[in-house]
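Step one of this worksheet: look at the structure below.
The values are calculated or read from the model by the stated rules, or taken from the named source; none is laboratory data. As the structure is a prediction and not an experimental result, all values here were calculated from the model. All Cβ positions, even for glycine, are placed from backbone atoms using ideal geometry, and neighbour counts span all protein chains on display. Areas reflect the complete protein model, heavy atoms only, side chains present, ligands, DNA and RNA absent. Shrake-Rupley method; radii C 1.70, N 1.55, O 1.52, S 1.80 Å.
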Amino acid sequence: MHDDDDAAPGQGYEGEEEEEEPQQQQHKKQSNTLTLWGNMKTMNLNSLLLTNIQSSTYFKVQLYELKTYHEVIDEIYYKVNHLEPWEKGSRKTAGQTGMCGGVRGVGTGGIVSTAYCVLYKLFTLRLTRKQLMGLINHTDSPYIRALGFMYVRYVLPPADLWSWFESYLEDPEEIDVKAGGGLVMTIGEMLRQWMSKLEWFSTLFPRIPVPVQKQVRAYS
């Protein structure tokens, strides 16, 4: 696997300058520092999910050891295989202790998923614009791309969703988003759903601004 964020980030984002709108040109001139939105401690996750992430052995021990962006990309490549917030069937074992508790941390929610633990790890790294583009344009795994898009959905200003997602709404790469498998969709279908619905399995995304809702409806 290779995860060089210098090769891919510009592709599909810079575009052709003579055809860009002024707002897009201004977007390019902005600093490499991303403006985050919402709660800077919770990443805008619901409290149950956040508590399970922060108390999980996986997040506190294994992910704590990962100090760089590239190490986290490798972790996604090898460990993430769905995008649900909870591991399959784990919510039925809520409150149990023992071996399950050592895997992710079983609380009142269940076993929080690898994907959401890694997503919160990315949040603690405070990704730069270049790093985020490196994720969403990555060629090694759709899950690397998906967690980049999920980062956008949770922590960047909701009013900017359309400008981040628009170029990818017909992206044909397929991804199985369901824990245990069985729910395959394209990246484009997934992003259109994320801009039109708040529900994502058993959790909620931040609210969608009315202007973005109108753009999505007009697109579809």
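Just need a number here: residues in the range 204-220 that are at pLDDT 95 or above and open to solvent by less than 80 Å² (accessible area, probe 1.4 Å).
Selection size over the range 204-220: 2.
Report whether or not I136 is at pLDDT 50 or above and touching a Cys at 6+ places or on another chain (Cβ under 9 Å). Even if it seems obvious, please write down each step before you answer.
On the way: at pLDDT 50 or above: yes; touching a Cys at 6+ places or on another chain (Cβ under 9 Å): no.
Here the answer is no, as I136 does not meet what is asked.
Just the residues that are open to solvent by less than 10 Å² (accessible area, probe 1.4 Å) and either among the polar types (S, T, N, Q) or in a helix (DSSP H, G or I) (or both), please, taken from the range 187-202.
Residues satisfying the conditions are I187, G188, M190, L191, W194, M195.
Criterion first (open to solvent by less than 50 Å² (accessible area, probe 1.4 Å), among the β-branched types (V, I, T) and modelled with pLDDT of 95 or more) does V106 satisfy it?
Judged against the criteria, V106 is not a match.
Which of the residues spanning the range 169-186 are touching a helix residue (DSSP H, G or I) at 6+ places or on another chain (Cβ under 6 Å) and open to solvent by less than 70 Å² (accessible area, probe 1.4 Å)?
Within the range 169-186, L169, D171, E173, I175 meet the criteria.
With (1) modelled with pLDDT under 95; (2) part of a loop (DSSP other than H, G, I, E, B) as the list, and N44 as the residue in question, which single condition is left unmet?
(1)
Name the residue that is nearest to the chain's Cα centre (by Cα), counting only residues in the range 169-219 that are hydroxyl-bearing (S, T, Y) and under 26 Å from N39 (Cα atoms).
That would be T203.
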